[in-house]
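Reviewing the structure listed below.
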Amino acid sequence: MPNIVVLVKQVPDTYSERKLSDGDKTLDRDSADAVLDEINERAVEEALLIKEASEGEVTVLSVGPDRATEAIRKALSMGADKAIHVSDAALHGADVIQTAKVLAAAIGKVDGVDLVIAGNESTDGVAGAVPAILAELLGYPQLTHARKVTVEGSAIKVERETSDGITHLEANLPAVVSVGEKINEPRYPSFKGIMAAKKKPVETLTVADLGLSADEVGLASAWTQVLEASPKPPRQAGQKVADEGDGGVKVAEYLVSQKLI
Amino acid sequence: MIDLSIGEEYEALRKTVEEFAREEVAPVIGGFYEREEFPYDLIAKMGRMGLFGLPISEEYGGMGGDYFALCLALEELARVDSSVAITLEAGVSLGAMPVYRFGSASQKETWLPALCRGDRLAAFGLTEPGGGSDAGATKTTARLEGDAWVINGSKSFITNSGTDITSMVTVTAVTGQAEGGRKEISAIIVPSGTPGFGVEKKYSKVGWNASDTHGLSFSDCRVPEGNLLGERGRGYAQFLSILDEGRVAIAALSVGLAQGCVDESLRYAHEREAFGHNIGHYQAIQFKIAEMETRTHTARLSYYAAAAKMLRGEPFKKEAAIAKLVCSEAAMDNARDATQIFGGYGFMNEYPVGRFYRDAKILEIGEGTSEVQKMLIARHLGL
């Protein structure tokens, strides 16, 4: 009966236009619709599958501004049992190390955690570092980039996919797992789930509640900071090859020049 | 003042179905439509989301929601595709609801859980070759022989009646003569596969091509006496109340199609260039889209108003008729305008607006034609 904590993050919808704010180059949260990050939906789904197979409890943990409650509600409507929301103006501009510290402190508030499940990287920051840093801070084994997770008693087995092949990992619980795109297909919340989510407990904590001080977190003391951001150059028009009997050769020459063949 | 916001849970449901329609339905439905193939996998996914049990209580495997929740789901599906929307509409409001409203406890336990899961679909056989809106003209008969009903006759245009997962059809039939010489009409459940119950070849339709529609024939088809749904002789009254609800559902579906036309036209107005500008730069296009948006908005208000009365348990017959009339005409008008905005591409099946155009016309016909709605409204005014 594993006690699972799932990390979720609210991110700007990839369908909308995303940008950074002009001033401090942090995310401009007003410019885009905010959604539960899709990779986190997969993390929640995996936690629910484990819970459904062997009972247990699923707690959703999110660090983010007040409006992140919408993302938390979605995870709850999918079937998670309760949530912790760390929301504090001091967290504005926090980097991955600070975020992991806050997450570790919040996980410390949950009794008897067996498993922490995260997405391998968010669609906005794309650092992909939080799960590993968090595992270090908690002193848990890290089984990252999972495409398959099996919990058997106090052991956890993970298949990690790399470009060279599949690595089989095994560790004892408690552990931190991060999941990739291929792990599962997340469920859509049902109306019953949506109605039930309203009644599930969400504990809201500040940085001080976690025993951390405001100057340890946030942009001013961050280890990394975004200095500049520029949009990708617009796509160039393609190159036309007129076929004058030698079209095939020209195409082949082009591919060779681009080192594609 | 009155509050027209729809509330948090409804909004969360609407968003969920919007996301489902965009990510699961939109990428594949064009192919099903072209092949005139029923999208079983999509229907199964909708079942897992609980859409088929939205207005039904948890006791019978439903979601414990209400009819407005169903309307919102229909609207969001129809924004992308009407075939899956009508499959849901017919499955719930015509298939499951008669059993839920009028069935015995044992009938509900037998049929509803699988219908709510979307594992099975049910249909409602009312229309006949010789009569649609004039439902009193029913020719199909059912006579009691011992402890069985023996049914003879035929039905037309019955949605969901011939899929691999159809479990039963509720059929209206003449079961005798009522006082004053009127026909006594009753509703009877006929399970799929009953001997004498024939499902005709699938129709070739102008629209709704990924939905399942057949004619049905009954020839000495025997079902147990206990398959009578509700009271004997109340069949007519029962389906009239089912049709009132169904009209609000079709109104919601129509608003979805009207909104889909706005969505597609807006996108295209930004993309497509003509004479040196995006076509959205021109007032001819701006005015068309403004009119489309206006129709959609007012149509939505009309079905919200009907649904609000229905949920409060007040009489809503006139409001349902008005909503059905206004929304279906908004859908048809928007589909025509959207097709015009898309020009030649609007006439191609590979663009959604072409599908919208083909799917819109039936909305002014099914669940009571526009003329029938006007008749109902006039009757309500004492004419």
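A few comments on the model shown:
- Volume of the convex hull of region B:167-303 (Cα atoms only), normalised per residue: 176 Å³.
- Expected 222 nm ellipticity per residue - DSSP helices of 4 or more, -39500 (n - 2.57), all of the protein assembly as shown, to 500: -12500 deg cm²/dmol
- Applying D = kT/(6 pi eta Rh) to chain A, where Rh is the Kirkwood radius over alpha-carbon pairs, T corresponds to 37 °C and eta to 0.692 mPa s, the Stokes-Einstein value obtained is 163 µm²/s.
- Region B:239-266 residues near the modelled residue B:379 label - backbone nitrogen below 18 Å, point 7 Å along Cα→Cβ: B:239-248
- FRET efficiency, residue B:152 to residue A:126 (Cβ-Cβ, R0 56 Å, nearest 0.05): 0.25
- Under 30 Å from residue A:250, Cα to Cα: lysines that are on another chain or at least 8 residues apart: A:232, A:240, A:259
- For peptide B:9-18, the mean count of partner chain Cβ atoms within 10 Å of a residue's Cβ comes to 5.
- Sequence-separation-based contact order of chain B, relative, with Cα cut under 8 Å and 6+ spacing, percent: 16
- Average projection, convex hull of the Cα set of region B:1-44: 4.4 square nanometres.
- When A:207, B:174, B:28 are compared by accessible area at a 1.4 angstrom probe, the order from most to least is B:28, B:174, A:207.
- Chains A and B together bury roughly 1500 Å² of accessible area, counting both sides, with a 1.4 Å probe on protein heavy atoms only.
- Using only alpha-carbon positions in region A:63-216, the gyration tensor eigenvalues give semi-axes of 25, 21, 15 Å once each is multiplied by 5 and square-rooted (largest first).
- Sparsely packed loop sites in region A:5-76 (the GluC sites (Glu not before Pro) outside DSSP H, G, I, E and B with at most 15 other Cβ atoms within 10 Å) comprise A:17, A:55.
- Think of each Lys and Arg Cβ as +1 and each Asp and Glu Cβ as -1; about the Cα centre, that makes the dipole of region B:123-233 roughly 300 debye.
- Within a Gaussian network of chain B (alpha carbon springs, distance under 10 Å), most fluctuating of B:197, B:287, B:316: B:287
- Using R0 = 22 Å, the C-beta based FRET efficiency linking residue B:340 and residue B:298 works out to 0.60.
- Entries in A:9/A:82; B:205/B:361; B:183/B:374; A:182/B:15; B:108/B:139; A:51/A:199 that, when Cα-Cα distance is taken, lie over 22 Å: B:183/B:374; A:182/B:15; B:108/B:139
- By the compact-protein rule of thumb, 2.2 N^0.38 Å, the alpha-carbon radius of gyration of the protein assembly as shown corresponds to a ratio of 1.12.
- Electrostatic bookkeeping for residue A:84 treats Lys and Arg as +1 and Asp and Glu as -1; over the other residues with beta carbon under 11 Å from its beta carbon, the sum is 0.
- Positive minus negative residues near residue A:246 (Lys, Arg vs Asp, Glu; Cβ under 15 Å): -1
- Remark on region B:123-233: hydrodynamic radius 14.2 angstrom, per the Kirkwood mean of 1/r across alpha carbon pairs.
- Solvent-free Debye calculation, one equal scatterer per alpha-carbon of region B:237-380: log10 I(q)/I(0) at 0.15, 0.16, 0.21 Å⁻¹ equals -0.71, -0.78, -1.12.
- Value in Å of the Kirkwood radius, where region B:24-115 supplies the Cα pairs that are averaged: 13.6
- Residues of region A:182-217 that lose at least 20 Å² of accessible area (1.4 Å probe, protein heavy atoms only) when the other protein chains are present, relative to their chain alone, are A:188, A:189, A:190, A:191, A:192, A:194, A:195, A:198.
- A simple count of charges around residue A:154, restricted to other residues whose Cβ falls under 13 Å of its Cβ and scoring Lys, Arg +1 and Asp, Glu -1, yields -2.
- Accessible heavy-atom area order of B:357, B:60, highest first, probe of 1.4 Å: B:357, B:60
- Whole-Å semi-axes of region B:22-176's equivalent ellipsoid (Cα gyration tensor): 28, 20, 13
- Directionally averaged projected area (chain B, Cα convex hull): 20.0 nm².
- Projected onto their three principal axes, the Cα atoms of region B:227-314 cover extents of 69, 27, 15 Å, largest first.
- Lys, Arg +1 and Asp, Glu -1 on Cβ, resulting dipole of chain B about Cα centre, debye, nearest 20: 880
- Contact order for chain A, expressed relative to its length and based on alpha carbon pairs under 8 Å spaced 6+ residues apart, stands at 23 percent.
The values are calculated or read from the model by the stated rules, or taken from the named source; none is laboratory data. Note that this is a predicted model, so its numbers are computed, not measured. So basically every Cβ, Gly included, is an ideal-geometry build from the backbone, and we count neighbours across all protein chains shown. Surface accessibility is based on the protein's heavy atoms, side chains included, excluding ligands, DNA and RNA. Shrake-Rupley method; radii C 1.70, N 1.55, O 1.52, S 1.80 Å.
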